[in-house]
Amino acid sequence: MTFPLVIKNLEKSIDDFHLSIPDLAIEEGTVTAVVGTNGAGKSTFFKMMMNLVKQDNGEIEVYGHSVRDVDDSWKQQIAYQAQTMIGCDAFTGEQLRNLMAELYPSWDEALFRRFSEKLNIPLNKKVQKLSPGVKTKLNLALNFGKNTSILMLDEPTAAMDIPSRNYFIQFLLELMEKGDRTVLIASHQADDIKKLADYLVFINKGRVSQLLEKDSLASSYRLFWLKEEPPVSRVPGEIKRTYKKVILSNQPDATMTYLSQNNLVIVDEQIPELEDIIQEILMEGEMVDV
Amino acid sequence: MDTFRKALWLARIEMDVSKKHYLTLLIMAGIYTFFFYLSMPPYLEENIFIFDVFLIIYLVTISFSIKPKTFQYQKMDDDLYGSPYFAMLNQLPIKRKVLITSRFILPYMSIVIGMILALTGTYIFSPELQDAVDPLQLIALIVIWICISISIGGLFPASDPGDEIKRFTFFWSFASIIGFFVGLYLIFQVWLDTGFFKWTIYLANEHTLLSIMISIIVACLVTWYWFRHSQKQVKKIDYLQ
């Protein structure tokens with residue numbers, strides 16, 4: 001197995017905010033979603049990977065090269081999309097394309113053209129005249145065109161319309177088919193995470209969880225629909241109760257045992273939606289310590 | 001050499017998008033030439049200080065007037081002031097030396113063009129300046145002023161990576177500017193009983209070669225200092241935006 005991105009005991013303090021990442025290795029050919037509430041530290045985490053925000057302690061390696069090395073040729077292997085497109089207002093899409101095509105030896109004109117033509121990105125207009133959604137699309141087209149082995153996308157679909165977002169997901173999934181690309185994506189869109197991610201990393205108040213496999217995470221939760229309300233306020237494993245009879249559990253076996261021991265009839269049992277699980281984790285912050 | 005070649009390529013890209021701003025440089029050179037031409041006779045006679053002040057304001061403004069807004073030094077987040085364009089380039093696979101070198105090329109080019117235009121223009125229209133300097137010495141005078149402009153104007157490209165602005169930074173910056181002009185006044189008007197520009201005319205006339213050499217050496221040393229300052233800032237600053 002190859003790990004293009006490896007993080008070792010990373011620490012960063014900015015005023016009263018502290019970001020701490022014990023150890024994290026991102027596997028090649030996977031999509032990892034970085035999930036957290038606003039201000040949790042996702043963007044800071046991405047910027048540290050790009051050495052735009054300097055770490056206090058620890059190490060970040062891209063294909064074995066420290067991002068703090070004087071030689072920053074590792075940047076040719078990463079396409080990074082920040083939340084906002086800064087410093088580009090005076091350029092047109094074509095001018096930015098010329099800049100990127102020169103700087104990235106892996107530049108793929110066909111990928112850039114296909115994405116920008118499909119989404120009707122006006123490449124001859126100055127960036128300052130584009131709407132936030134079109135700016136995002138242009139930024140994505142440029143980052144896809146870089147054709148790098150690592151893509152880091154910070155909330156790439158935040159300002160995009162639904163058809164463009166769907167096309168983006170389809171396009172990215174198609175790119176992933178070759179198996180040599182590694183994607184790190186920060187998103188608030190449960191749908192993006194559901195369709196794209198293989199792994200999830202949660203960030204809560206600067207604390208970062210281990211890598212969690214999406215499918216295993218989903219199956220470790222269970223939603224029990226009971227015939228009657230349980231007599232206790234909290235059954236083992238219960239993390240949430242709705243309509244008095246619907247229990248969300250993060251320890252399904254313990255919950256099942258308790259229910260059967262107490263003769264509580266289960267009407268239905270489901271794996272909950274990923275969105276519900278993410279919401280619970282972000283509200284409770286419990287998975288961060290897993 | 002490869003660093004400079006790549007930096008030049010980056011500067012050319014920047015120049016492509018800021019073509020119309022070079023018109024500003026021509027307009028400014030024209031306005032200031034007219035002002036210098038008008039004020040040259042009283043200045044050469046009575047050392048009026050305001051002439052030196054305007055000459056310094058001119059050399060400072062030409063180094064950043066050619067930049068579109070997005071390339072200019074501005075507030076980027078709560079504490080950080082810098083050039084958003086630099087922050088964007090810093091995300092890309094561009095060697096730090098190339099990136100920093102590229103920031104100096106266009107401001108220095110506009111300084112050279114701006115100074116040649118203003119001083120040659122003033123010389124052509126002002127018989128008083130022609131009497132004070134011979135054509136050959138005029139070359140020395142232009143070189144001296146290009147070097148002074150580079151030394152002072154280098155501050156602007158050196159600031160592109162950014163500065164963390166603390167509570168009293170603006171106060172100290174303002175105080176330094178005032179201090180600079182007060183110092184200039186005390187040294188030249190009070191102590192030497194001449195003007196700064198007039199003193200450089202004297203240097204160009206009396207020590208032509210020496211003043212050219214010293215000006216070039218000083219400009220190179222100061223540019224080296226600005227370059228090192230830029231490198232330190234890039235290593236230090238957190239680009240949170």
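Any read-out appearing in this document is the output of simple, stated calculations on the displayed coordinates, not a laboratory observation. Bear in mind the structure is a predicted one, so any value in this text is a computation, not a measurement. Here the Cβ is made from the backbone with ideal geometry for all residues, glycine too, and neighbour counts use every protein chain on show.
Laid out as a table, the results:
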| item | result |
| --- | --- |
| Per-residue average of Cβ from other chains inside 10 Å of B:233-240 | 4 |
| Shielding by other protein chains, B:82-89, mean Cβ within 10 Å | 4 |
| Residue mean of other protein chain beta carbons inside 10 Å, B:15-21 | 2 |
| Unit charges on C-beta of K, R, D, E only; dipole of chain B, Debye | 1260 debye |
| Virtual spin-label span in nm between A:Asp268 and B:Gln189, 7 Å along Cα→Cβ | 8.7 nm |
| Cα-based reach from B:Lys198 at 26 Å (exclusive), listing lysines while leaving out same-chain residues under 8 positions away | none |
| At q = 0.24, 0.25 Å⁻¹, base-10 log of I(q)/I(0) for the range A:219-289 (Debye sum, equal scatterers on each alpha carbon) | -1.08, -1.17 |
| Cα long-axis angle, helix A:109-118 against chain A (0 to 90 degrees, to the nearest 10) | 60 degrees |
| Set of lysines with alpha-carbon distance to A:Lys244 below 27 Å, sequence-local pairs under 8 removed | A:Lys227 |
| Acute angle (nearest 10 degrees) that the helix B:169-184 long axis makes with the longest principal axis of chain B, alpha-carbon atoms | 20 degrees |
| Cβ-placed point charges (K, R +1; D, E -1), dipole of the range A:88-232 about Cα centre in debye, nearest 20 | 320 debye |
| Cross-link pairs beyond the 31 Å C-alpha cut-off, checked among A:Lys195/B:Lys6; A:Lys12/B:Lys95; A:Lys54/B:Lys166; A:Lys54/A:Lys178; A:Lys146/B:Lys69 | A:Lys195/B:Lys6; A:Lys54/A:Lys178 |
| Furthest towards positive pole of dipole, B:Thr122, B:Tyr32, B:Phe86, structure part the range B:26-144, Cβ charges | B:Phe86 |
| Over chain B: Rg over Rh, Cα atoms, Kirkwood Rh | 0.99 |
| Of the trypsin sites (Lys or Arg not before Pro) in the range B:11-82, those whose Cβ has at most 11 other Cβ within 10 Å and which sit in DSSP loop | B:Lys19, B:Lys20 |
| Nearest-20 debye value, chain A charge dipole, Cβ charges on Lys, Arg, Asp, Glu | 900 debye |
| Inter-probe distance in nm under a simple model that places probes 7 Å from Cα toward Cβ, at B:Met15 and B:Ile57 | 3.0 nm |
| The range B:161-241: chymotrypsin sites (Phe, Trp or Tyr not before Pro) falling in loop per DSSP and having at most 16 other Cβ within 10 Å | B:Phe168 |
| Positive dipole terminus of the range B:100-241, leading residue within B:Val112, B:Ile100, B:Phe181 (C-beta point charges) | B:Ile100 |
| Highest-first arrangement of A:155-164, A:203-212, where packing means the average Cβ count within 10 Å | A:203-212, A:155-164 |
| For the range A:1-42 versus the range B:107-129, the gap between their alpha-carbon centres in whole angstrom | 55 Å |
| Positive-pole candidate from A:Phe17, A:Ala79, A:Gly206, dipole of chain A, charges at beta carbon | A:Ala79 |
| Links that overshoot a 24 Å alpha carbon limit, given the list A:Lys125/B:Lys20; A:Lys214/A:Lys240; A:Lys75/A:Lys205; A:Lys129/B:Lys97; A:Lys129/B:Lys75 | A:Lys75/A:Lys205; A:Lys129/B:Lys97 |
